[in-house]
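The structure under discussion appears below in the form of structure tokens.
The values are calculated or read from the model by the stated rules, or taken from the named source; none is laboratory data. Worth saying up front: this structure is predicted, and the values here are computed from it rather than measured. All Cβ positions, glycine included, derive from the backbone under ideal geometry; neighbour counts span all protein chains shown.
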Amino acid sequence: MRTCLEMGEKFGELSKKNQKITVEHTSANPNGPLHVGRARNPIIGDTISRIYTKAGYDVETQFYVDDIGRQVAILSWGISNIPESELPTSDRKKIDHELVRYYQEANRRMEADEGVADGIKKLMKSIEEGDENTLRIFSENSDKVMLGMKESLERLNILHDSYKTESSLIVDCSVDSALSKLEGLEQCEREDNALYFEGGEHKIFLTRGDGTSLYPLRDIAYHIWKAGRADQLIDVLGEDHKVHGMFMKNILEALGIRPIPDIIFHSFVSFEGKRMSTRKGAYVTLDEIMDLAHERARDEVLKRRDDLSQDEVEKIAEMVGLGAVRYNIIRVQPEKPMNFKWDEALNFQGNSAPFIQYAHARAFSIIDKWGGDETKLISEADLDRLDEEGEIRLIKKLAVYPIVIDSAAGLKAPHIIANYAYDVSAQFNQFYRDYPVLKAEEKMIERLALVKASKNILSDVLNILGITAPEYM
RNA sequence: GGGCGUGUGGCCUAGUCUGGAUAUGGCGACAGCCUCCUAAGCUGUAGGCCGGGGGUUCGAAUCCCCCCACGCCCGCCA
């Protein structure tokens, strides 16, 4: 515990590894707003990045933008061919919400009308032929939707360090160079001039018969590119990419590329038993749930505080509401299926973010009321005097923090951090109930030191979860 | 049909890699606790043949085999 106090926020930080890790996450098709089904990916990716940073690695997070794929082609066709007057009104004034209407309507028309399908095919073809005008249109549309997604992610405290567009891999010939490497592989063969990789009983097609690239090839090019810039790669992918991921690793291995990515697969968040779909418009958007969480949190704040300014109320509502959303998703192992339920996502009690935030606020409040010199706690406290059961239990809980970081990183299991945060909070709340601090007959300094150490860890662990630690709530 | 994953009280969940003693918590329900540092808290009660069956073992939620249910994938889409 002395170490914990002396190190402050640095406690739990593992030795510097001098290793660069690139974490790829989110990488959602820029065709519309992020929905809750997709939100699991960025939350896992961002948390794992923060865990690795804490574990001593140099982490870069990256969003792989599919700006030339079919989804953007459909979106672009819609934007160029459908007048806004033929669309339903947008559910909110936000660029990704507005543009997704074109995507959805284009999908509808594509199914009903072969001419539309052909139009979209034509777009795909010209992008593959390197038509600069089409590329410009695609990137513009993709950028616009990305703007909206970034805004949503930022609100959730998720920022990518870099973005890599698929088109850039074609333009700089990374795809061509990957292709020539692959052609030399004995597992690669051609069928009607289309190159494929033979893996078990599966054929993974890398190019079309006309020589244009397919997603697996471009993804390999991307990973070769990434491998040249990092010591370790982590990808966060949905479970629908399992086969793809496995073959990509095999292919990279066959090419002798290193590092091979470690892939964290997560299952989807379904809604009312069904998978969410951007195309069909069957989803709850991330924006929607963030707004609702904020509102719910505001109600809760107002229920118990009448002494705060409106500004303060809104600030707390944002911290608490969004914390609840992030926590609810990260607390469960990635591979477990989740069924989205409003009352769980907006749960503010028990195993939830507000519970942890509340413990932090309590700890902060004690230190704040005391108002002394915190640095003195380290030198003046005789920590051996903290020998009562509840004190010892809390100290032990705090002490394992570095081990928790290490195993969460090693197992690539962000939910371990969430569970730990809950455990510390529960233990702190029991300590809070059983042992007076400021009114302690003796041991006040010692207990203050323990409160301070708890507060440090709580705020640090919340930070790893990307959740704000409030000073009061 | 094949591959991968998931299955733990009414609901959600930890533990499964690395087997160990009465299986972890939460929500909900019920019963309590604010003259005392924030009750978004705390305490107690009820609720579980750990999907089913077989096996390995002194010992299995955990390892092996079979089966069942659910999800994802099985395109010259991504």
### Message
Suppose the filter is part of a helix (DSSP H, G or I), more than 26 Å from A:Phe247 (Cβ to Cβ) and of a type in the set (Lys, Arg); does A:Lys144 pass it?
### Response
yes
### Query
What is the one condition in (1) touching a residue at least 40 places away in the same chain (Cβ under 8 Å); (2) surrounded by 18 or more Cβ atoms within 10 Å (Cβ to Cβ); (3) among the β-branched types (Val, Ile, Thr) that A:Thr212 does not satisfy?
(2)
#### Entry: strands (runs of 3 or more DSSP E) wholly inside the stretch A:220-289 that include at least 3 residues being surrounded by 19 or more Cβ atoms within 10 Å (Cβ to Cβ) and within 16 Å of RNA strand B (Cβ to nearest atom)
A:232-238, A:262-266
### Query
Residues A:Ser85, A:Ser139, A:Ser80: which one is in the same structural domain as A:Val23 (by TED's automatic domain parsing) and surrounded by 19 or more Cβ atoms within 10 Å (Cβ to Cβ)?
A:Ser139
## Note on the structure
Counting only residues in the stretch A:335-351 that are within 9 Å of RNA strand B (Cβ to nearest atom) and touching a residue at least 40 places away in the same chain (Cβ under 8 Å), the one surrounded by the most Cβ atoms within 10 Å (Cβ to Cβ) is identified as A:Met338
### Message
Considering only the stretch A:295-309, I want to know if a residue exists there that is within 30 Å of A:Leu233 (Cα to Cα) and within 11 Å of RNA strand B (Cβ to nearest atom).
### Response
no
### Summary
Residue set A:Ile417, A:Ile403, A:Ile464, A:Ile457; condition under 28 Å from A:Val23 (Cα atoms) and free of Cβ contacts under 8 Å to residues at least 40 places away in the same chain; output residue A:Ile403
### helices (runs of 4 or more DSSP H) completely within the stretch A:371-473 that count 3 or more residues being modelled with pLDDT of 95 or more and within 14 Å of RNA strand B (Cβ to nearest atom)
A:401-410, A:415-434, A:444-464
## Note on the structure
From the option list A:Leu182, A:Leu217, single residue qualifying as more than 29 Å from the chain's Cα centre (by Cα) and part of a helix (DSSP H, G or I) is A:Leu182
